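The values are calculated or read from the model by the stated rules, or taken from the named source; none is laboratory data. Owing to the predicted nature of the structure, the values given are computational and were not obtained by experimental measurement. Cβ atoms come from the backbone with ideal geometry, glycine included; neighbour counts cover every protein chain shown.
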Amino acid sequence: MVVIFGDQLDHESNALQGFDPAHDLVWMAEAAGESTHVLSHKVRIAYFLSSMRHFAEELRDRKYRVEYTKLNAENNSGDLGRELETALRKFNPERVVAVEPGEYRIEQMLLATTKQAGTPLDLRPDGHFYSTRQEFANWAKTHKQLRMEFFYREMRKKTGVLMEQGEPVGGRWNFDVENRGAFGKTGPAKNLKPPHHCPPDKITREVINLVNATFPSHPGSLAHFDLPVTTAQAEAALKDFVHHHLPDFGTYQDAMWTDQPFLYHSRLAGAMNLKLLNPRRVVMAVEDAYQRGCAPLAAAEGFIRQILGWREYIRGIYWTQMPKYIDSNALHATEKLPDLYWDAKTDMECLRQTVGHTLDYGYAHHIERLMVLGLYSLLFGVDPVEIHKWYLAIYWDAVEWVEMPNVIGMSQFADGGLMSSKPYAASGKYIARMSNFCRNCRYKPDESIGEDACPFTTLYWAFLLKHEKILSKNPRMMMQVRNLTRLDTGKRKAIQNQADLHRQQTAKGSY
Ligand SMILES: Cc1cc2nc3c(=O)[nH]c(=O)nc-3n(C[C@H](O)[C@H](O)[C@H](O)COP(=O)(O)OP(=O)(O)OC[C@H]3O[C@@H](n4cnc5c(N)ncnc54)[C@H](O)[C@@H]3O)c2cc1C
Ligand code: SF4
């Protein structure tokens, strides 16, 4: 019996190698518990269910025997482990074949359930990724600091992507400095094309109705659902991205703009995370666009770095650090997650915008996740577990192996610098530089005290004051910490008081 979980929808999966249609069976199940262990956004639930149902249909078309339990099937316990247990009792298979799960919790469940049933488990490596878990672990053992940049260079050498006679194309590994453009006063191009649209078909429409009926109180809306739910659709979305958005992706990767959630981003993370789309296809298409002269090197390299570098590195961090990674809390952050993360009710325009389109689409791009939503939580001092659960619930592309290191490590610095050499701490001035949000906000990004003070700026200074001792030991934070000497005792006190007041008022929902 081949077990396929919802984030393993890969027709080239190692689990399907050697499948014999005469004897073998594919088992898949929808379980409500997977949508409620964190309060999942409706788009995230619908995306998983629709993609799973399409995948099962495609397997049947290819003459695979598929046992598929729908969410609303009679006797569905709602618990993935229990459903697997029931299937093992019903089919009593010779062995279970599976690809190593993406999530630690699911892997533990699979190991325990098959062991308890006495069914041998043939657990195979996940060929979707460029590197195996073991390769990353070996790399990690030989490096004192686990910096993405060094891992990325290894991956470039290993794959030959954007390489010429053993050297990086263009003479540099990294065009990061060319990836930080803002839109200035005018904003993105007037003819900026919206992302590729996949109209919901019959299966997706059924799923949308099911999700709305089963999870009515979950966050978000399905009104705009148009995501790629099959490999063919994901490949069409990739083609569309490469043609229309890749050339400007490099320059505007970090830019933000009012009512423009997608800008030049690909919206491909979900399709890759469910394995509908192979990252090699993505990287090849982007490299090819560069070679044909259809995209500048800074855009192609900037995009490839996200997939060949960040995505692989993040997975390696997850698997080398689990299960203890979730307990990291280097900055001793204990605040509750403010309600505004669930309802976008706030005067802070940057948060109103980014939480707003997160609720509308289950999407926010990387810099919004890191430098608005994550930054606010870091400066506010939210308990890392609370903010982790929010991220895991709220994005359509959220799966734990990629979400957790991005949140715990990159955005909250809860791992004390295992991943990032310094916390991503900034004041409202960063947001003012990279977006037009501040122009439509009642607060002023330059001010840290007083009625008009930007809460990000107040909290930023309060953050530096609170963590001065730890941060002053970090060579990359020295400049920022040194700026504290400009504040006299009175100003320090005023900032701390304003930060406390902000926290109290936010807890009451009035900021
Ligand atoms: C706090 C936080 C939480 C995040 N949670 C998730 C998550 O749950 N799932 C997820 O896939 N990504 C997550 N990311 C990474 C990144 O923000 C998303 O992959 C990206 O925004 C998805 O949109 P896109 O497909 O349009 O990406 P694009 O901007 O078009 O980027 C291209 C691709 O690069 C990959 N990528 C880019 N940055 C990263 C990164 N930091 N880590 C891993 N892969 C990356 C993704 O596969 C993405 O599709 C998170 C980042 C932060 C800071
Ligand atoms: S002024 Fe501050 S709160 Fe307002 S949009 Fe700018 S950064 Fe956000």
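Some notes on this structure:
- Filter result for the condition that a residue is within 23 Å of ASP254 (Cα to Cα), among the aromatic types (Phe, Trp, Tyr) and out of contact with any strand residue (DSSP E or B) (no Cβ under 8 Å at 6 or more places or on another chain), over TYR443, TYR460, TYR511: TYR460
- Residues of segment 254-284 satisfying the condition of being under 17 Å from LYS193 (Cβ atoms) and more than 14 Å from the chain's Cα centre (by Cα): ALA255, TRP257, ASP259, GLN260, PRO261, PHE262, LEU263, TYR264
- Test: residue in segment 340-353 that is within 16 Å of ligand 1 (Cβ to nearest atom), over 16 Å from PHE456 (Cα atoms) and touching a residue at least 40 places away in the same chain (Cβ under 8 Å): no
- Subset of segment 81-135 [among the small types (Gly, Ala, Ser) and part of a helix (DSSP H, G or I)]: GLY81, ALA87, ALA112, ALA117
- Matching residues in segment 437-451 - criterion: being within 6 Å of ligand 2 (Cβ to nearest atom) and touching a residue at least 40 places away in the same chain (Cβ under 8 Å): PHE437, CYS438, CYS441, TYR443
- Only listed residue being in the same structural domain as VAL99 (by TED's automatic domain parsing), out of contact with any Pro (no Cβ under 7 Å at 6 or more places or on another chain) and surrounded by 14 or more Cβ atoms within 10 Å (Cβ to Cβ), chosen from ALA117, ALA140: ALA117
- Evaluation of THR258 against (1) away from ligand 1 (no atom under 11 Å from the Cβ); (2) buried (at least 23 other Cβ atoms within 10 Å of the Cβ); (3) not small (Gly, Ala, Ser) (one fails), failing number: (2)
- Residues that are part of a loop (DSSP other than H, G, I, E, B), out of contact with any helix residue (DSSP H, G or I) (no Cβ under 6 Å at 6 or more places or on another chain) and buried (at least 23 other Cβ atoms within 10 Å of the Cβ) are absent from segment 453-462 altogether.
- Taken across segment 348-362, residues that are in a loop (DSSP other than H, G, I, E, B) and either within 14 Å of ligand 2 (Cβ to nearest atom) or within 18 Å of the chain's Cα centre (by Cα) (or both) do occur, with at least one present.
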